[in-house]
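The structure under discussion appears below in the form of structure tokens.
The values are calculated or read from the model by the stated rules, or taken from the named source; none is laboratory data. Remember, predicted model here, so these are calculated numbers, not experimental data. Cβ atoms come from the backbone with ideal geometry, glycine included; neighbour counts cover every protein chain shown.
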Amino acid sequence: MEKGFNHQRKLIYDRYVRYLFIACAALMTIIIFSIIFFVGKQGLMTFHDVSPIEFFLTDKWAPSMNKYGALSFILGSVAVTMLAIIIGTPIGLLGAIFMSKIAPQRLRSLMRPAVDLYVAIPSVVYGYIGLTVMIPFIRNFFSVSMGYGVFVTAVILAIMILPTIISISEDALNGVPKTLEEASLALGATYWQTLYKVVVPSAAPGILTAIVLAMARAIGETMAVQMVIGNTPLLPLSLFSPTATLTSDIVIEMGNTPFGSVWGNALFLMALVLLVVSLLMILLIKRIGARRYA
């Protein structure tokens, strides 16, 4: 009798916990769609006063003159993100290969917690180091007048995305079956040939996932970028000329814009562009994951 009562009580608890999980999932879904709806509604109101061609294809940003061309911010975001990926991906992948396949177990047990701790460093610290150390170095080494711009921003972002690339790529490399490595070595391939032609290609979906997540981190970074990029609405015509990104311009101007004004709606539209890019990256990650486990 008592066992039956306890079993029935556990079933009731399980049912309530299940309802709790469903309610939490529904709440999170509502919050996410509410954010998308609010940002999208405010952002798309920009097109009542500004044409899409002007916003996306012109670089004249002067709210005092009713000019809202965001092309320089969009190209600035793309430029620093792509350059950061070009710099950070080889370094991060080599680090993941070293930690996964080459480093001794004792060294690996020290490096993995260090990489995880690396993630916890605030972005403002990276920006401050870039502002006080890297910009003076670039100014003197390359003989440029300012030092602000795409290059120093990309270097800072490349350093910031290394933990993402290293951690996920290492997991992907560790997930490659040992039998593939043993078969390659048994056929006469060297260990380095096995790494290059067997292990890395087999882990490619996981490595691509790491790169896409790193891109999402880089394109959404605000504080470090705002401190070193120069914050000037100019097209990024060189690596050492100041420019601006979507995130840096939003954080600078959001406190000066009346809610509901064309200026404020244009900033919401910038946020919507970032949100859409992030959602596309998430869909890309899901596509890569589906290919990985297909």
Report yes if Ile156 is assigned to a helix (DSSP H, G or I), in the same structural domain as Leu235 (by TED's automatic domain parsing) and surrounded by 12 or more Cβ atoms within 10 Å (Cβ to Cβ), otherwise no.
yes
Going by the conditions given, is Asp116 under 26 Å from the mean Cα position of the chain (by Cα) and outside any helix (DSSP H, G or I)?
no
Does the range 187-206 contain any residue that is under 21 Å from Ile74 (Cα atoms) and either outside the structural domain of Ile91 (by TED's automatic domain parsing) or part of a helix (DSSP H, G or I) (or both)?
no
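Residues checked against (1) in the same structural domain as Pro242 (by TED's automatic domain parsing); (2) modelled with pLDDT of 90 or more; (3) hydrophobic (A, V, I, L, M, F, W, C):
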position	(1), (2), (3)
Phe56	no, yes, yes
Leu75	yes, yes, yes
Thr81	yes, yes, no
Ile86	yes, yes, yes
Leu93	yes, yes, yes
Lys101	yes, no, no
I'd like to verify a number: residues in the range 173-182 that are without any contact (Cβ under 8 Å) to a residue 40 or more places away in the chain, surrounded by 15 or more Cβ atoms within 10 Å (Cβ to Cβ) and in a helix (DSSP H, G or I), how many?
1
Exactly one of these conditions fails for Ala216: (1) outside any loop (DSSP other than H, G, I, E, B); (2) farther than 22 Å from Ile156 by Cβ. Give me its number.
(2)
State which residue pairs qualify: first residue in a loop (DSSP other than H, G, I, E, B) and of a type outside the set (Asp, Glu) and inside the range 29-53, second residue at pLDDT 90 or above and surrounded by 12 or more Cβ atoms within 10 Å (Cβ to Cβ) in any location, beta carbons under 7 Å apart, and separation of 6 or more residues or different chains.
Val50/Tyr68; Val50/Val262; Val50/Ala266
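Rundown of residues vs (1) within 23 Å of Leu284 (Cα to Cα); (2) surrounded by 20 or more Cβ atoms within 10 Å (Cβ to Cβ); (3) more than 20 Å from the chain's Cα centre (by Cα), yes/no style:
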residue: Pro163; (1), (2), (3): yes, yes, no
residue: Asp171; (1), (2), (3): yes, no, no
residue: Ser184; (1), (2), (3): no, no, yes
residue: Ala216; (1), (2), (3): yes, yes, no
residue: Val228; (1), (2), (3): no, yes, no
residue: Leu235; (1), (2), (3): no, no, yes
residue: Ser248; (1), (2), (3): no, yes, no
residue: Glu253; (1), (2), (3): no, no, yes
residue: Phe259; (1), (2), (3): no, no, yes
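Among the listed residues Ser77, Ser72, which satisfies the condition of being among the polar types (S, T, N, Q) and under 30 Å from Val115 (Cβ atoms)?
Ser77
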